[in-house]
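The values are calculated or read from the model by the stated rules, or taken from the named source; none is laboratory data. Since the structure is predicted, the reported quantities are computational estimates derived from the model, not experimental observations. Glycine also receives a Cβ, built like all others from the backbone with ideal geometry; neighbour counts cover every protein chain displayed.
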Ligand SMILES: Cc1cc2nc3c(=O)[nH]c(=O)nc-3n(C[C@H](O)[C@H](O)[C@H](O)COP(=O)(O)OP(=O)(O)OC[C@H]3O[C@@H](n4cnc5c(N)ncnc54)[C@H](O)[C@@H]3O)c2cc1C
C-alpha cells in the first residue's frame, strides 16, 4: 500500500517503532529539548507489550512490582506526553536515504515523508503486520471489501452486507459478537448477516465473550463455519461469495460481500534490512557508548539492536534510549554542551515536564 508522497515533515528526530523503547526514547529526547515524530506499523502504541501480552503482568520493570503490557504502555505514553510527540500510526517506514545536507529522507507506506536530522530505529522484532489471506487475487479487494482491521472504513461498508469474520482468537470472536449483536438492533450500520469462520472449532477469548458467541449461534444471529478459505467469486470487481473447504475436505460456497480477517499479526523485519545498516543475525549492530549504528546519525535501541552482552529486556532498552539521546544531542546541537541534569532537582526540567515540584511517585 503506497500512497501519494506529501511534503516532507522536518524533524530533529524520527523514531521508528512505538514499542516501549520508542516511547521512552521520546521522553529521553524531550529532556534534552529534542522533539520527535514516531512512526509505527500498528494502529496503536505499545509494540510487543500490546500486541502479544497486553493483559499479562511484567515483574521486572524497575520500581514497579507488576504491571501488564497495557499498563506499561499507558504509563510510558503518559510519561512522554509533556513532549507532545506526533505519532504516525498504521504505516511502515519503507525507505531511508541520506541527503546532501546530512539529513535523512524517510518515507512510509502511506506516503508520509520526513527530513530528519537523526533517526532512532526502535523496530523491535520487526513491523507488526496482520496475517493476510493467501488466496490469489484477493488482495485487489483490500480496503474495499476485505479488511484486516475493524477500521471505520470497514464498519461503514459492512452496513447491509453479509459479513464474514475469519479468525479464532479474542479479536475475531469479539468482532463477530459485536456485529451479530448489531444485526438484532436498530443500528443503521447493521450488517445483513454475520458469519464467523475458523479452521477448527476451538476459539480463544474471555469466557463471557465465548458464551455470548455460542448463544448468538444458538439463536441464529451468528453463523459458525469451520473451514478454510480457498477462493472467492467477484462480479465487476465486487466480492459476492467465498469458497471454503471444511475439515473433511468438502468444498462449499458461502455468500459474503464483506470480509474481516483477524488472524493475528506477525512481525516482519522487512525494510530494516534494506537501510544499509551493519547487521548481525538480522539485528542492527550498535556501539555501547551512544547506541549509534554504522551510519552516523542513525541510532538503534531496544530489541532490534545487538552488541556484546545484549539482553532483550525492556529495562535494557531504557538505558539505551538515554545514551542514544545524548548521542543525538551532539548532532542536533553541535555547539552546545549537554550536561546531565537530574529530574529531581532541575527547575528547567520541571518546567519542561510541567511540574513545579518533583512529582510524587505513584
Ligand atoms: C510474551 C512475551 C513476554 C515478555 N515479557 C517480558 C518481561 O517480562 N520483561 C521484559 O523486560 N521483556 C519482556 N518481553 C520482551 C519485551 O516485550 C521486548 O523486549 C520489548 O517489547 C522490546 O521493545 P521494543 O520497543 O524494542 O520493540 P517492540 O515492542 O517489538 O516494538 C517495535 C515496534 O516497531 C514497529 N516497527 C518495526 N519496524 C517498523 C517499520 N519499518 N515501520 C514502522 N514500524 C515498525 C513494530 O510494529 C512495533 O510496534 C516479553 C516479550 C514477549 C513476546
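Does residue 265 qualify as being within 16 Å of the ligand (Cβ to nearest atom), under 22 Å from residue 150 (Cβ atoms) and in contact (Cβ under 8 Å) with a residue 40 or more places away in the chain?
Yes: the conditions hold for residue 265.
Taking the criterion of being at negative phi, over 19 Å from the mean Cα position of the chain (by Cα) and not in a strand (DSSP E or B), the residues of region 95-132 that qualify are 99, 100, 101, 103. Residues that are part of a loop (DSSP other than H, G, I, E, B) and not assigned by TED's automatic domain parsing to the domain that holds residue 320 occur at least once in region 175-185. The set of residues from region 306-331 being crowded, with 24+ Cβ neighbours inside 10 Å and more than 8 Å from the ligand (Cβ to nearest atom) comprises 320, 321, 324, 325, 328.
For residue 218, indicate whether it is at pLDDT 95 or above, outside any strand (DSSP E or B) and away from the ligand (no atom under 14 Å from the Cβ). Answer is yes for this residue.
Filtered by the rule that a residue be in contact (Cβ under 8 Å) with a residue 40 or more places away in the chain and either away from the ligand (no atom under 11 Å from the Cβ) or within 16 Å of residue 327 (Cβ to Cβ) (or both), region 291-303 gives 293, 295, 297, 298, 299, 300, 301, 302.
Is it true that residue 350 is at pLDDT 95 or above and away from the ligand (no atom under 16 Å from the Cβ)? Taking the combined requirement at face value, the residue satisfies it.
Of the conditions (1) away from the ligand (no atom under 16 Å from the Cβ); (2) outside any loop (DSSP other than H, G, I, E, B); (3) surrounded by fewer than 17 Cβ atoms within 10 Å (Cβ to Cβ), residue 154 clears all except one; give me its number. The single condition residue 154 does not satisfy is (3).
Scanning region 9-43 for residues that are surrounded by fewer than 21 Cβ atoms within 10 Å (Cβ to Cβ) and at pLDDT below 95 turns up just one, 43.
Close contacts from region 114-134, counting a first residue that is closer than 18 Å to residue 291 by Cα and not assigned by TED's automatic domain parsing to the domain that holds residue 231 and a second that is away from the ligand (no atom under 11 Å from the Cβ) and part of a loop (DSSP other than H, G, I, E, B), with Cβ to Cβ under 6 Å and a gap of 6+ residues or different chains, come to 117/103; 118/297. Of the set (1) touching a residue at least 24 places away in the same chain (Cβ under 8 Å); (2) surrounded by 17 or more Cβ atoms within 10 Å (Cβ to Cβ); (3) farther than 12 Å from residue 261 by Cα, all apply to residue 140 but (2). Right, residue 53: more than 13 Å from residue 122 (Cβ to Cβ), part of a loop (DSSP other than H, G, I, E, B), within 7 Å of the ligand (Cβ to nearest atom) and outside the structural domain of residue 151 (by TED's automatic domain parsing) or not? Against the criterion (more than 13 Å from residue 122 (Cβ to Cβ), part of a loop (DSSP other than H, G, I, E, B), within 7 Å of the ligand (Cβ to nearest atom) and outside the structural domain of residue 151 (by TED's automatic domain parsing)), residue 53 qualifies. Going through region 60-78 one residue at a time, which ones are within 10 Å of the ligand (Cβ to nearest atom) and part of a helix (DSSP H, G or I)? 69, 72, 73, 76 - these are the residues of region 60-78 that are within 10 Å of the ligand (Cβ to nearest atom) and part of a helix (DSSP H, G or I). Within region 79-94, if we keep just the residues that are closer than 27 Å to residue 265 by Cβ and over 18 Å from the mean Cα position of the chain (by Cα), the residue that is nearest to the ligand (Cβ to nearest atom) turns out to be 79.
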